[in-house]
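The values are calculated or read from the model by the stated rules, or taken from the named source; none is laboratory data. In this text the structure is predicted, and so the values were computed from the model without any measurement. In this analysis, Cβ positions are derived from the backbone assuming ideal geometry, glycine residues included, and neighbour counts consider all displayed protein chains.
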Amino acid sequence: MQVQVIGAIVFWALAILTVAGAALVAFSRNIVHSAFGLLAAFFGVAGLFVFLSADFVGMVQLLVYVGGVVVLFLFAVMLTGRIEQVEISNLSRGPLPALAVLIGTVAVLAVVAFQTPWGPSGDMAAEPTTAAIGNALLSQYLLPFEIASVLLVAALIGSVLLASRRKEDELEDQATAEATDQPGDPPAAGPGGEP
Amino acid sequence: MTITVTHYLLISALLLGFGLYCVLTRRSAVAVLMGIELILNAANVNLVAFSRFTVGDIDGQLFALFGILLAAAEAAVALAIVLAVYRSISSVDVDDTSSMKG
């Protein structure tokens, strides 16, 4: 009984963390706040995975999303946004139709979730799943596993290629930098500079 | 009260709804990508919840793992594209990116 009460409290805390984080992502006017809302939502989902006795998936969620994807998003925000202008950093357009879509989707899904008889809950023992996942990845899911590794290599090379500066751009930048430097030079070695 | 699969489905529906809202309204491409990540997370929550409650084996967790992997690859490539777009037109507003070349 005691364990169940504590479990329910933990579950609701995680649920509120997840949903509040997602709401912050959707409604915040500041894109940095949105990024941190994303962090909270990912953290809550990782907790929910652990709560669902999927410990390995929860850890992967923490490592990949909280450790990787959120940092990537923060970098993208810092590199692209005019984040000092808080008011315009996360503009929205057409909130009313989107709000209608939100409410409609959630309402339909909630009705389905409540009315469908989901059948008896197949109880999984709360035991570590890492060994079973490893066995499945190297037997039944071997082909998707290998394809996934090829995909990761392709994504890695592709994103490096996309994000790296091209040679022509660098030459152009150098040319413009030199062009702007030359008028600036004389004042630096100005009249009062040398005895 | 016991926690059933319905609770997880509701959380997942809310995640999907907020993600959709984000994708539909945001003008910054980075924020749109945040919404896509929320939607992918909603799918993962569903997969793991069904694997735990109605099926009782590990396949759903493996699908969630592949989903996480695809989402990470997608985020890396998409953010690299956003950076490239920002370098070429100095904006990440999705309304401004209307030409294919340039």
Could you tell me which residue of the range A:52-68 is farthest from B:LEU10 (Cα to Cα), considering only residues that are at pLDDT 90 or above and crowded, with 24+ Cβ neighbours inside 10 Å? A:TYR65
Counting just the residues of the range B:4-22 that are more than 15 Å from A:GLY104 (Cβ to Cβ) and in contact (Cβ under 8 Å) with a residue 12 or more places away in the chain, which one comes out surrounded by the most Cβ atoms within 10 Å (Cβ to Cβ)? B:LEU15
Yes or no: the range B:53-63 includes at least one residue that is outside any helix (DSSP H, G or I) and more than 7 Å from chain A (Cβ to nearest Cβ). yes
Applying the selection to the range A:103-126, what residues are assigned to a loop (DSSP other than H, G, I, E, B), at pLDDT 75 or above and loosely packed, with under 10 Cβ neighbours inside 10 Å? A:PRO117
From the list A:PHE43, A:PHE11, A:PHE49, pick out the single residue that is in a helix (DSSP H, G or I) and surrounded by 20 or more Cβ atoms within 10 Å (Cβ to Cβ). A:PHE49
First in the range A:59-79 and facing chain B (nearest Cβ under 7 Å) and assigned to a helix (DSSP H, G or I), second anywhere and among the charged types (D, E, K, R) and surrounded by 18 or more Cβ atoms within 10 Å (Cβ to Cβ), Cβ under 7 Å, 6 or more apart: A:VAL69/B:GLU37
Within the range B:44-56, is even one residue of a type outside the set (A, V, I, L, M, F, W, C) and within 30 Å of A:GLY94 (Cα to Cα)? yes
Take A:SER34 and tell me if it is within 27 Å of A:LEU162 (Cβ to Cβ) and either surrounded by 15 or more Cβ atoms within 10 Å (Cβ to Cβ) or modelled with pLDDT under 90 (or both). yes
Across the range B:1-24, what is the number of residues that are within 7 Å of chain A (Cβ to nearest Cβ), within 21 Å of A:PRO95 (Cα to Cα) and aliphatic (A, V, I, L, M)? 6
For B:SER28, all conditions in the list (1) at pLDDT 90 or above; (2) surrounded by 22 or more Cβ atoms within 10 Å (Cβ to Cβ); (3) at the interface with chain A (Cβ under 7 Å from one of its Cβ atoms) hold save one; what is the number of the exception? (1)
By residue number, the members of the range B:31-43 that are closer than 25 Å to A:PHE114 by Cβ and more than 7 Å from every other protein chain (Cβ to nearest Cβ) are B:ILE39, B:LEU40, B:ALA42, B:ALA43
Starting from the range A:159-182, take each residue that is under 26 Å from B:ALA76 (Cα atoms) and list its partners that are of a type outside the set (A, V, I, L, M) and at pLDDT 70 or above, counting only C-beta distances under 6 angstrom and pairs at least six apart or across chains. none
Take the conditions over 27 Å from B:GLY60 (Cα atoms) and touching a helix residue (DSSP H, G or I) at 6+ places or on another chain (Cβ under 8 Å) and apply them to A:PHE73. Does it pass? yes
